[in-house]
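Asker: Encoded as structure tokens, here's the structure I'll be asking about.
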Amino acid sequence: MSKVLMKGNEALGEAAIRAGCVHFFGYPITPQTEVPEYLVKRLPEEGGAFVQAESEVAAIHMVYGAAGVGIKCMTSSSSPGISLMAEGMSYLAACELPCVVINIMRAGPGLGGILPAQSDYFQATRGHGHGDYQLIVLAPSSVQEAVDLMVLAFELAEKYRNPVMVCADGMIGQMMEPVEFPGVGRGEPFKANTWELTGAKGRARRIVNSLYLAPEELQQHNVHLKAKYDRIHRDEMRSELYRAEEPYDLLLVAFGTMARICKTAIDEVRKEGLRVALFRPITLNPFPTPACRAAMDAMGADGRVLTVEMNMGQMVHDVRYAAEGSRLVEFFGTAGGIVPSPDQVASEIRKRLTVAKGWGTGRCHDAQPDGVPCPFPDGVCETCGRS
Amino acid sequence: MQTETSVMTDTEVLMAGFGGQGTLLAGKVLAQASMEFGREVSWLPSYGPEMRGGTANVIVCIASTPIGSPLIESPRGLIVMNLPSMEKFAPKVRPGGVIVVNQSLIDRDPHRDDCTVVKVPSRELAQQAGSVRAANFVMLGAYVGATDVVPAEAVEQAIAEEFAGDKARFIASSVAAFRAGMEVGRRALR
């Protein structure tokens, strides 16, 4: 199929249909409203149904009901709406019901603003509702990847009988890029027939329930869930490295929108001779800890790590956990819906490498090619002599 | 002045104006045309708590390799439909870039001697082309004429696709408006 130019939100809607989504339940909120807007038109064409719920709380519990009878279904919202869905997500995870939840993040806390942010990282990866449960969280960095991860989200939801979150931000939701979709028309329904409440005639009764009043039984349920989360952490970590085939002295770690801005910044400073690479987690949960650590270990002992996020420092905790104190992990972030420009990131990189190279006693760079101006014109450089 | 953009190089253009002037649509047509021509593209609109008559702008990136940041601080191209947009964005254009100014609404100069400035009487040309609402395509034409960023035929094809179906009556005037703008853009290069 040829490429079409589409908004991220609309592409997510179409991808859900290609993945076999039959029902959508949701409530409008900027900047994700084009997801329901697209599906209200498209789902009935494919024999599905769209319901605008009276609130996000209702929407997620409609998902709970539909998933309970084996329907491939989803909801979508933006940050404050996801908070309202927290209770339902806990119930869905407790009952091991497959579904997909999209979060097109906007700036918080509270009602916050409507511009892009990554400030729901903690919420997405550390839990939304109560209790000991996890979602699989996928973070696309382009419209095409949003499509690919939407399809993967339904596959993983079915494979693990667990809710999966696709976590993007307002920029990916609102921007248009060329995309290719897999398949034609609506994809396949769920294959499994193990939990769906379809009428117990001729088979043993099934119950969808999360109430276990006996502590031993509830502990056993938690142990069972833990074993599943362990399998997910073992088998489903995904990440990308950028310009790491060349040597580097600074490793950036960023996800989603922020990662592609870092890529442009890296291309820019690499021209100046600064050696920088990027590690991009694609699964925020499970966080790709071993791959992140390996990307750090590929640097020399004085190599540093800079985590760049559109929040005040959330994923950086997972990056520090991966580093286990082996090296300095610094943080740069913006908030409020402000997306850093590549120039801003580039200047943060220059600052860090200046310090890393012992600025004040150091030089602009070992590998500074002939004719390229010193990237540190504000300091004292042994190599180029500028002060 | 020699411009930086051509069919082969990577570039980006910021289009800005009042809501309703068609900047987002003109940007979409440019992105669509460039995509059909085999380039990588991104189309990033400003979105915010806007109201009718407020500002609307979009950044279109066109490249041969996958696009990193779709957000560009200093674009190589600028199309401004109104004065507030010119005052806000003209100082940010990269030296050597192209600035297309809507002369019908802007009676001032962007004061960028280091850029190619193309002044376009978009309203008059759009009226002559058959629809005053096609001023956005006059402006797009002037930009394409001054930069050769994508072949004219690709843009005309994208206009036809955009208005296919029950909006087909807009195709002829929009294409005519685009061609009139192309002429102005080409003349500015000479």
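Asker: Just checking, which of A:THR257, A:THR264 is more than 13 Å from the chain's Cα centre (by Cα), within 12 Å of chain B (Cβ to nearest Cβ) and within 24 Å of A:GLY313 (Cα to Cα)?
Answerer: A:THR264
Asker: In the range A:149-181, how many residues are within 22 Å of A:GLY20 (Cβ to Cβ), within 14 Å of chain B (Cβ to nearest Cβ) and of a type in the set (D, E, K, R)?
Answerer: Number of matching residues: 1.
Asker: Here's something else I'd like to know. Here is a list: A:ARG270, A:ARG304, A:ARG243. Which entry is within 14 Å of chain B (Cβ to nearest Cβ), in contact with a strand residue (DSSP E or B) (Cβ under 6 Å, 6 or more places away or on another chain) and more than 23 Å from A:ILE338 (Cβ to Cβ)?
Answerer: A:ARG243
Asker: Here are the criteria: (1) touching a residue at least 60 places away in the same chain (Cβ under 8 Å); (2) in contact with a helix residue (DSSP H, G or I) (Cβ under 7 Å, 6 or more places away or on another chain). Tell me which single one A:MET258 does not satisfy.
Answerer: So the condition that A:MET258 fails would be (2).
Let's see how each residue does on (1) of a type in the set (A, V, I, L, M, F, W, C); (2) at positive phi:
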{"site": "B:LYS92", "(1), (2)": "no, no"}
{"site": "B:GLY96", "(1), (2)": "no, yes"}
{"site": "B:GLN103", "(1), (2)": "no, no"}
{"site": "B:GLY141", "(1), (2)": "no, no"}
{"site": "B:ALA146", "(1), (2)": "yes, no"}
{"site": "B:VAL150", "(1), (2)": "yes, no"}
{"site": "B:PHE163", "(1), (2)": "yes, no"}
{"site": "B:GLU183", "(1), (2)": "no, no"}
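Asker: In the range B:138-161, which residues are over 27 Å from B:VAL117 (Cβ atoms) and buried (at least 17 other Cβ atoms within 10 Å of the Cβ)?
Answerer: Selection gives B:GLN157 alone.
Asker: Select the helices (runs of 4 or more DSSP H) contained entirely in the range A:1-114, then report the ones holding at least 1 residues which are among the acidic types (Asp, Glu), free of Cβ contacts under 8 Å to residues at least 40 places away in the same chain and in contact with a strand residue (DSSP E or B) (Cβ under 7 Å, 6 or more places away or on another chain).
Answerer: Result: A:56-68.
Asker: Hey, does the range B:94-116 have a residue that's buried (at least 18 other Cβ atoms within 10 Å of the Cβ), in contact (Cβ under 8 Å) with a residue 40 or more places away in the chain and within 14 Å of chain A (Cβ to nearest Cβ)?
Answerer: For the range B:94-116, residues buried (at least 18 other Cβ atoms within 10 Å of the Cβ), in contact (Cβ under 8 Å) with a residue 40 or more places away in the chain and within 14 Å of chain A (Cβ to nearest Cβ): present.
Asker: Quick one: which of A:VAL319, A:VAL345 is within 14 Å of chain B (Cβ to nearest Cβ), modelled with pLDDT of 95 or more and surrounded by 17 or more Cβ atoms within 10 Å (Cβ to Cβ)?
Answerer: Checking each option against the conditions leaves just A:VAL345.
Asker: Can you give me the number of residues within the range B:9-57 that are more than 9 Å from chain A (Cβ to nearest Cβ) and assigned to a strand (DSSP E or B)?
Answerer: Summing the residues that are more than 9 Å from chain A (Cβ to nearest Cβ) and assigned to a strand (DSSP E or B) in the range B:9-57 gives 11.
Yes or no, residue by residue, for (1) within 13 Å of chain A (Cβ to nearest Cβ); (2) closer than 20 Å to B:LEU140 by Cβ:
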{"residue": "B:PRO70", "(1), (2)": "yes, yes"}
{"residue": "B:SER74", "(1), (2)": "yes, no"}
{"residue": "B:GLY77", "(1), (2)": "no, yes"}
{"residue": "B:LEU83", "(1), (2)": "no, yes"}
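Asker: Among (1) within 14 Å of another protein chain (Cβ to nearest Cβ); (2) crowded, with 17+ Cβ neighbours inside 10 Å; (3) in contact (Cβ under 8 Å) with a residue 60 or more places away in the chain; (4) over 18 Å from the mean Cα position of the chain (by Cα), there is one condition A:GLY336 misses while meeting the rest; what is its number?
Answerer: (2)
Asker: Checking the condition modelled with pLDDT under 95, under 23 Å from A:VAL339 (Cβ atoms) and of a type outside the set (S, T, N, Q), which residue from B:MET1, B:MET51 passes?
Answerer: Selected residue: B:MET51, the only one of B:MET1, B:MET51 that is modelled with pLDDT under 95, under 23 Å from A:VAL339 (Cβ atoms) and of a type outside the set (S, T, N, Q).
Asker: Which ones in the range A:10-44 are surrounded by 21 or more Cβ atoms within 10 Å (Cβ to Cβ) and within 11 Å of another protein chain (Cβ to nearest Cβ)?
Answerer: A:PRO31, A:GLU34
Asker: Just a yes or no: is a residue in the range A:42-51 in contact with a helix residue (DSSP H, G or I) (Cβ under 8 Å, 6 or more places away or on another chain) and within 13 Å of A:ILE102 (Cα to Cα)?
Answerer: No, there is no match, as no residue in the range A:42-51 is in contact with a helix residue (DSSP H, G or I) (Cβ under 8 Å, 6 or more places away or on another chain) and within 13 Å of A:ILE102 (Cα to Cα).
Asker: Where in the range A:199-300 are the strands (runs of 3 or more DSSP E), entirely inside, with at least 3 residues that are within 21 Å of A:LEU135 (Cβ to Cβ)?
Answerer: So the answer is A:283-285.
The values are calculated or read from the model by the stated rules, or taken from the named source; none is laboratory data. Since the model is a prediction, treat every value here as computed from it, not as a measurement. Methodologically, a virtual Cβ is constructed for each residue, glycine included, from the backbone with ideal geometry; neighbour enumeration extends over all protein chains shown.
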